[in-house]
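The values are calculated or read from the model by the stated rules, or taken from the named source; none is laboratory data. Please read all numbers here as calculations on a predicted model, not as lab measurements. So basically every Cβ, Gly included, is an ideal-geometry build from the backbone, and we count neighbours across all protein chains shown.
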Amino acid sequence: MRIKSNWNKRAKPQSIENIAKAVGFISWQIATNSLLELENNGYETNNQIQRLQIIREFLVFLLQVADRLVYEQLDTEQRQLFITTLALHVAGTLVDNQTDVGANEGKKVFIDLLNQRAEDYSELSFNNGEAGFDFLRYFGEQVAAIIQENNFLSQQVVDIEGPDAVEKLRKGIKGLFV
């Protein structure tokens, strides 16, 4: 999967909001690609609604990762603006896609889930740009609960999909903040 994560060399410096929206686009790409990888590895989804639930869980995870990756680069006010813009942008994209399949939960449902998961993830380890095992394990359990699959799906997320998503997002964010 190729992700464009650099601004045009002639472009002026970008605002925090523009960077957040670009990270939102990258997050959507990572989430949808990760879903395809899961399906290609034999984890079956039943319908579009279930696919969007998995994408939603990836987006929540990636928002937590993005927050930790920008923690040292931005002051408190900038970070709050970044995360708020990112969350609203991602929520809008998700809601648009939910509407297309007749399952629009609305932005508030996504933001409420995001806030709940943020509280849960806050207790888990994330150091030196890497998600800890407990961080990935929690994520894997959330994805597995959607498909109601055994631990093999959770293990796939912990071992492969989660770390891969973190690495792709880290590269994308690094390129955007240059």
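For the range 80-110, how many residues meet the condition of being surrounded by 15 or more Cβ atoms within 10 Å (Cβ to Cβ) and among the β-branched types (Val, Ile, Thr)?
Here the count works out to 6.
If only one of ILE55, ILE83, ILE49 is of a type in the set (A, V, I, L, M, F, W, C), assigned to a helix (DSSP H, G or I), touching a residue at least 40 places away in the same chain (Cβ under 8 Å) and out of contact with any helix residue (DSSP H, G or I) (no Cβ under 7 Å at 6 or more places or on another chain), which one is it?
Being of a type in the set (A, V, I, L, M, F, W, C), assigned to a helix (DSSP H, G or I), touching a residue at least 40 places away in the same chain (Cβ under 8 Å) and out of contact with any helix residue (DSSP H, G or I) (no Cβ under 7 Å at 6 or more places or on another chain) holds for just one of ILE55, ILE83, ILE49, which is ILE49.
Considering every residue within the range 132-150, establish whether at least one is at positive phi and not polar (S, T, N, Q).
Looking through the range 132-150, none of the residues is at positive phi and not polar (S, T, N, Q).
Answer yes if at least one residue in the range 41-52 is under 28 Å from LEU81 (Cβ atoms), of a type outside the set (A, V, I, L, M, F, W, C) and at pLDDT 90 or above, and no otherwise.
First, the residues of the range 41-52 that are under 28 Å from LEU81 (Cβ atoms): 52.
Next, only the ones that are of a type outside the set (A, V, I, L, M, F, W, C) stay: none.
Within the range 41-52, not a single residue is under 28 Å from LEU81 (Cβ atoms), of a type outside the set (A, V, I, L, M, F, W, C) and at pLDDT 90 or above.
Being part of a helix (DSSP H, G or I), β-branched (Val, Ile, Thr) and under 17 Å from GLU57 (Cβ atoms), is that true of even one residue in the range 91-102?
The answer is yes, given that some residue of the range 91-102 is part of a helix (DSSP H, G or I), β-branched (Val, Ile, Thr) and under 17 Å from GLU57 (Cβ atoms).
The rows are residues; the columns are (1) over 15 Å from the mean Cα position of the chain (by Cα); (2) more than 30 Å from PHE133 (Cβ to Cβ).
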| residue | (1), (2) |
| --- | --- |
| PRO13 | yes, yes |
| ALA22 | no, no |
| ASN41 | yes, no |
| LEU69 | no, no |
| PHE82 | no, no |
| LEU86 | no, no |
| THR99 | yes, yes |
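If you check VAL65, VAL60, VAL90, which single one turns out to be within 14 Å of the chain's Cα centre (by Cα), β-branched (Val, Ile, Thr) and more than 21 Å from ALA145 (Cα to Cα)?
Result of the check over VAL65, VAL60, VAL90: VAL90.
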